[in-house]
Amino acid sequence: MVTLIPEQKLEFLMSTFSERDLPDRTRKALRFRIINGYTYRMAGRAAGVDRNKIVKAEKKLVRLHVGILEEYLGIPQ
């Protein structure tokens, strides 16, 4: 799955989650994954996080992003 979220939107979306829900290392791995195009495995190794955590966190972010686009901007996904 390729996630196309610009860097500023990514930072905003990550800021909506608490540190408990999205720890710093997971945020770092998501930046590697989405901004730099790393694979899940490479991002996990670089940030010291399990790749399954990255997958779950990315799904959370994408779900939130789609919800914002649909509800507030009226853009169907």
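The values are calculated or read from the model by the stated rules, or taken from the named source; none is laboratory data. None of these values were measured; they are calculated from a predicted model. Using ideal geometry, Cβ is built from the backbone for each residue, glycine included, and neighbour counts are taken over all protein chains shown.
Is there any pair with a first residue in the stretch 39-68 that is at positive phi and a second that is modelled with pLDDT of 95 or more and in a helix (DSSP H, G or I) whose Cβ atoms are under 6 Å apart and which are 6 or more apart or on different chains, and what are they?
48/25
Condition test on residue 10, is it closer than 22 Å to residue 77 by Cα and not in a loop (DSSP other than H, G, I, E, B)?
Yes, satisfied.
Checking the structure you have, find out if any residue of the stretch 50-73 is modelled with pLDDT of 95 or more and part of a loop (DSSP other than H, G, I, E, B).
Yes, there is a match, as at least one residue in the stretch 50-73 is modelled with pLDDT of 95 or more and part of a loop (DSSP other than H, G, I, E, B).
I'm trying to understand the selection: among the residues of the stretch 13-44, which are loosely packed, with under 15 Cβ neighbours inside 10 Å and not in a helix (DSSP H, G or I)?
Hits for the stretch 13-44 are 16, 18, 19, 20, 21, 35, 36, 37, 39.
Filter the stretch 56-70 down to the residues that are of a type in the set (Gly, Ala, Ser) and either touching a strand residue (DSSP E or B) at 6+ places or on another chain (Cβ under 7 Å) or crowded, with 17+ Cβ neighbours inside 10 Å (or both) and list them by number.
57, the sole residue that qualifies.
Would you confirm, using the coordinates I've provided, whether residue 4 is under 21 Å from residue 76 (Cβ atoms), surrounded by fewer than 16 Cβ atoms within 10 Å (Cβ to Cβ) and at pLDDT below 95?
Here the answer is yes, as residue 4 does meet what is asked.
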